[in-house]
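K.L.:
Let me begin by handing over the structure; questions about it come next.
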Amino acid sequence: MERPDIAFGDSGDAESDRRAPETAAGDPEEAARQWHTTFDAIGDGICLLDGQGRIVRANRALLELLGGSPEKILGRAPAAVLSEALGLLDVPGLLPAVEATGRRHSADLQSEERWYHVSVDPADDDRGRPAGAVLIVSDITERKRLEEQGRLAERREVEAVQLRDHIRRVTELERLKTDFLNLASHELRGPLAVLRGYVTMLEDGSLGEPSKAMRAALTVMRGKLREMNGLVTQMLETARLDDSRLVLQLEDLDLRDVLAEARQAIRPLVGSGHRLQVRAGSQPAPIKGDRARLVTIVTSLLDNALKYSPDGGRVTCTLTIRERTARITVSDQGLGILASDVDRLFTRFGRLLDAETRGIPGTGLGLYLAREMARLHGGDVWARPAPGRGSTFTVELPISA
């Protein structure tokens, strides 16, 4: 096929392109052969269009890209060819834009599996008059993949920065909470000690014989003081856990004695509608542990069972031994919990607030401390949900040899 009188627009020195046949020692045939060789050697797919927008020549790269022979594409509109072979549907809009503006127009187009960059340049004949166009098709799938990887890396970097900032803010907030717990618990201990002293003096008659009404009030005051003392203790223990300052005072114990102490400690909180049953059994349950912390674990579970059984009912605490493991199970007939809420119960300040539980007092520290203290003893605490039918909490601890 003879070379058409078309020069590449915007592709370099247009004047030298138009005079190419006059080179090669003045041999036009040699110049044309060199031109065709260069044209076919270009790696991108290229085709030349005549004034009517039909393909008059295509290089080898374009033929390979389209998977066809010259006869199948020559004389046809490039939009139809690219649509059939590559599935590119937006090519028709490029040619009118080039004709209207006399400038290059290009677009990145996507087929089902690959990306292509299609550009159209206006071309002139030897006299500089518009004579058609040059269409170039480049497979840019790999470039798009790398660009997407770059964008993904940028997004991940932004997310990493945001995550680091979030961690910093959460860490700072946790530190502030710990500082507050430390400060509040220490500041409250003094006034509470004074109040306990005056209540004791009123109870034993040191400040005069109390009336019947005063004794009833003192009973309420003693209960509230006990409640406040428990709150301060929870705050102190949580602060110690946060600062890694909670050290167990280990001694040889029998868990049956721990249950007896917990029962005695919780007795003032048992309402008239509750029936508390503690079943320690007759089998010894030796354990090396911190007596005060173990009593706190059981007391917290019993307190939780009583509070979340506002209509009363039976609360049962049972000790069982299986091989080298002791299990303390606390069951109630109260409000129950949902399976989706179990993990939240064991977080710091984790409380379930709804219409039924909003009025129940508590800090959300009791179950958190119970689990953490159990884990310090090599055990654990978990809950078995039963919405509307009560709850069951289990403490598992390793027993001594």
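Just so it is clear, none of the values below were taken in a lab; they were calculated from the coordinates. All figures in this text were calculated on a predicted structure; none of them were measured in a lab. A quick note on method: Cβ atoms are made from the backbone with ideal geometry, for glycine too, and the neighbour counts reach across all protein chains shown.
K.L.:
Run the simple label-point estimate for T38 and L176 please: 7 Å along Cα→C-beta, distance reported in nm.
P.N.:
7.1
K.L.:
Another question, then. Rounded to whole Å, give me the distance from the Cα center of the stretch 51-93 to that of the stretch 267-342.
P.N.:
What the calculation gives is 81 Å, centre to centre.
K.L.:
Additional query: I need the shape label for the stretch 55-155. Rule: rounded when a/c is under 1.5, else prolate if a/b > b/c, else oblate, with a, b, c from the alpha carbon gyration tensor.
P.N.:
Oblate, since a/c reaches 1.5 and b/c is not below a/b.
K.L.:
OK, next. Kindly write out, for the stretch 53-68 in residue order, the coupling ³J(HN,Hα) from the Karplus curve 6.51 cos²θ - 1.76 cosθ + 1.60 (θ = phi - 60°), rounded to whole Hz, with x marking Gly and Pro.
P.N.:
My calculation for the stretch 53-68 gives x, 9, 6, 10, 7, 9, 7, 5, 4, 5, 4, 5, 5, 7, x, x Hz in order.
K.L.:
Measure off 7 Å from each Cα along the Cα-to-Cβ vector at S211 and D380, then give the distance between these two points in nanometres to one decimal.
P.N.:
Going from the S211 label point to the D380 one covers 5.8 nm.
K.L.:
Calculate the spin-label point distance for V161 paired with M201, positioning each point 7 Å from the Cα along the beta-carbon direction, and give it in nanometres.
P.N.:
6.4
K.L.:
A further question follows. Which of rounded, prolate, oblate describes the stretch 123-255, given a ≥ b ≥ c as roots of the alpha-carbon gyration tensor eigenvalues and a/c under 1.5 marking rounded, otherwise prolate only if a/b is larger than b/c? The partial results should precede the final answer.
P.N.:
Working: a/c = 6.59, a/b = 4.16, b/c = 1.59.
Taking the square roots of the gyration eigenvalues as a ≥ b ≥ c, the stretch 123-255 is prolate.
K.L.:
Still on this model: Using only Cα atoms, find the angle between the long axis of helix 28-41 and the longest principal axis of the chain, and express it within 0 to 90 degrees, rounded to the nearest 10.
P.N.:
10
K.L.:
Which of the lysines could a cross-linker span from K224 if the Cα-Cα distance has to be under 26 Å and same-chain partners fewer than 8 positions apart are dropped?
P.N.:
K177, K212, K307
K.L.:
Still on this structure, please answer the following. What fraction of the DSSP beta bridges in the chain is antiparallel, stated in percent and rounded to the nearest 5?
P.N.:
Roughly 90 percent of the DSSP beta bridges within the chain come out antiparallel.
K.L.:
Taking the 0 to 90 degree range and rounding to the nearest ten, how far is the long axis of helix 212-242 tilted relative to the main principal axis of the chain, both from C-alpha atoms?
P.N.:
Rounded to the nearest ten degrees, it is 40.
K.L.:
222 nm [θ] for the chain, helices only, -39500 (n - 2.57) per DSSP H run of 4+, per residue, to 500?
P.N.:
Details: 12 runs with 185 residues, N = 401.
Calculated at 222 nm, the ellipticity per residue is -15000 deg cm²/dmol.
K.L.:
Most mobile of I73, I328, I337 per a Gaussian network model of the chain (Cα springs, under 10 Å)?
P.N.:
Of the options given, I73 has the highest mean-square fluctuation.
K.L.:
When a/c is below 1.5 the answer is rounded, else prolate if a/b is larger than b/c, else oblate, so apply that to the stretch 75-118 with a ≥ b ≥ c taken from the square roots of the Cα gyration tensor eigenvalues.
P.N.:
Oblate, since a/c reaches 1.5 and b/c is not below a/b.
K.L.:
Right, something else. Connecting C-alpha atoms closer than 10 Å in a GNM of the chain, tell me which of G53, G273, G350 has the biggest fluctuation.
P.N.:
Among G53, G273, G350, the largest mean-square fluctuation in the Gaussian network model of the chain belongs to G53.
K.L.:
Where the centre of each part is set by its Cα atoms, how far does the stretch 160-203 sit from the stretch 114-136, in angstrom?
P.N.:
The two parts, judged by their Cα centres, are 76 Å apart.
K.L.:
Follow-up question, since we're still on this one. Once phi is turned into θ = phi - 60°, what whole-Hz ³J(HN,Hα) does the Karplus curve with 6.51, -1.76 and 1.60 give for every residue of the stretch 338-347, x standing for Gly and Pro?
P.N.:
Couplings: 7, 4, 6, 9, 4, 4, 5, 4, 9, 9 Hz.
K.L.:
If you don't mind, there's one more thing I want to ask. Need the full-extension length gain, E84 to A153, defined as separation in residues times 0.36 nm minus the C-alpha distance. One decimal, nm. Display every interim value, and only then the final one.
P.N.:
On the way: separation 69, 0.36 × 69 = 24.84 nm, distance 3.55 nm.
Between E84 and A153, full extension yields 21.3 nm more.
K.L.:
Where is the GNM fluctuation largest for the chain (alpha-carbon springs, 10 angstrom cutoff): R175, R145, R129?
P.N.:
R129
K.L.:
If you don't mind, there's one more thing I want to ask. Compute the length gained on full extension between E99 and D254: take 0.36 nm times their separation in residues and subtract their Cα-Cα distance, giving the result in nm to one decimal.
P.N.:
Here the answer is 46.2 nm.
K.L.:
Roughly what angle does helix 141-203 make with the longest principal axis of the chain, taking Cα atoms, 0 to 90 degrees, to the nearest 10?
P.N.:
Once rounded, one gets 10 degrees.
K.L.:
Let me ask something else about it. Round to the nearest 0.05 the FRET efficiency obtained for D126 and D343 when R0 = 56 Å and r is the Cβ-Cβ distance.
P.N.:
Computed FRET efficiency for D126 and D343 comes out at 0.10.
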